[in-house]
Amino acid sequence: MVSEAPAWAVYAKPSVTLLTLAVLWTWESIHPLVTRGDGRLVHAGRNVAVSLLNTVVLAVTFSAVTVGVAQLAEVRQWGLLNWGNVATPLRFGLAILLLDFWMYLWHRLNHGIPLLWRSHRMHHADLAMDVTSATRFHLLEQLASAALRLGVILLLGIAMLELLIYETLVVAITMFHHANISLGPLDRPLRWLIVTPRFHQIHHSRIRVETNSNYSVLFSWWDRIFGTHQMRGEDKPVDYGLDQFDQPQWRTLWGMLRMPLEKLEREEMEHGEHGKTR
Ligand SMILES: [Zn+2]
Ligand SMILES: [Zn+2]
């Protein structure tokens, strides 16, 4: 029998998205890490517009097929998690861990493969990082991610409920670690477990050795395990962005959308992870 995801799980992601956005936006307004002048609303508007476009296109193209593939895996008992009778709580924990490991790998591939980097660099070209930066991903990257995830669901045997819960956790943690806030001394112990604002700020640095580090999405330990972890002094501010996309023309909605078409710089093509050094 095919199990349907309960209604609360379907509504969890949009509800958590709006609630987390409201809480973090308020926190950033009252006590920002970096004080910004004008343009906060325009910056947010562009990032949210990109996100709305992604949401609509993904809903039309991948929503039904993702549910269908998860049900197929369940009915046919395909995938790693369907081998043996794993108890539900353990199965759930494993599903979250495996999905998160896949996201670490996928993020790393986005830095290592020039074709994928063309789209992913839009996320990194953001000159000011805040909660809305968490939604700033190019549609091409999102489509590629959704397509590959179908294979991951089949391979791992992920159930729809597990996927919905993982996605809800990701949206909350991603907004949290992009927020223009400081956790002060709490950041250090917390980042042993999850990706914190300080941990992810390093990933948005324009210094390439830092850009090519800290790929984890939910749990931070993947970077420690695979040697891609990078930190620096707590107080040193991070200069966000990419040198190639600093001009104002890249800050418009149109500029953001056409970023994948811009040719790669020589060093982006010559070195894996778009240039190990700088
Ligand atoms: Zn990245
Ligand atoms: Zn980011």
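Table: residues versus (1) at pLDDT 95 or above; (2) under 22 Å from the mean Cα position of the chain (by Cα).
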{"position": "S3", "(1), (2)": "no, no"}
{"position": "A7", "(1), (2)": "no, no"}
{"position": "P14", "(1), (2)": "no, yes"}
{"position": "L18", "(1), (2)": "yes, yes"}
{"position": "V23", "(1), (2)": "yes, yes"}
{"position": "N47", "(1), (2)": "yes, yes"}
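Scoring M175 on the criteria (1) part of a loop (DSSP other than H, G, I, E, B); (2) surrounded by 19 or more Cβ atoms within 10 Å (Cβ to Cβ) leaves a single failure, condition (1).
A search for C-beta distances below 7 Å between a residue of the stretch 96-112 that is more than 18 Å from G79 (Cβ to Cβ) and any residue that is more than 11 Å from ligand 1 (Cβ to nearest atom) and assigned to a helix (DSSP H, G or I), counting only pairs 6+ apart in sequence or on different chains, returns Y104/W222; G112/G272. In the stretch 140-157 there is at least one residue matching the filter, namely being within 13 Å of ligand 2 (Cβ to nearest atom) and touching a residue at least 12 places away in the same chain (Cβ under 8 Å).
Any residue that is within 21 Å of G233 (Cα to Cα) and more than 13 Å from ligand 2 (Cβ to nearest atom) - is there at least one of those in the stretch 167-182? Yes, the stretch 167-182 contains a residue that is within 21 Å of G233 (Cα to Cα) and more than 13 Å from ligand 2 (Cβ to nearest atom).
So, in the stretch 42-63, of the ones that are of a type in the set (A, V, I, L, M, F, W, C) and under 15 Å from T252 (Cβ atoms), which residue ends up surrounded by the most Cβ atoms within 10 Å (Cβ to Cβ)? Outline the logic, then answer.
Start the filter on the stretch 42-63 by keeping residues that are of a type in the set (A, V, I, L, M, F, W, C), which leaves 42, 44, 48-50, 52-53, 56-60, 62.
Within this subset, residues satisfying the condition of being under 15 Å from T252 (Cβ atoms) are 42, 44, 48-50, 53.
Values: V42: 11, A44: 19, V48: 14, A49: 16, V50: 22, L53: 15.
Ranking the candidates gives V50 first.
Considering each of P189, P89 in turn, give the residue that is at pLDDT below 95 and farther than 24 Å from T55 by Cβ. Break it down into steps so the answer makes sense when it comes.
Details: P189 fails: at pLDDT below 95.
Every option except P89 fails the conditions.
The values are calculated or read from the model by the stated rules, or taken from the named source; none is laboratory data. Quick caveat: nothing in here was measured; it's all calculated off a predicted structure. All Cβ positions, even for glycine, are placed from backbone atoms using ideal geometry, and neighbour counts span all protein chains on display.
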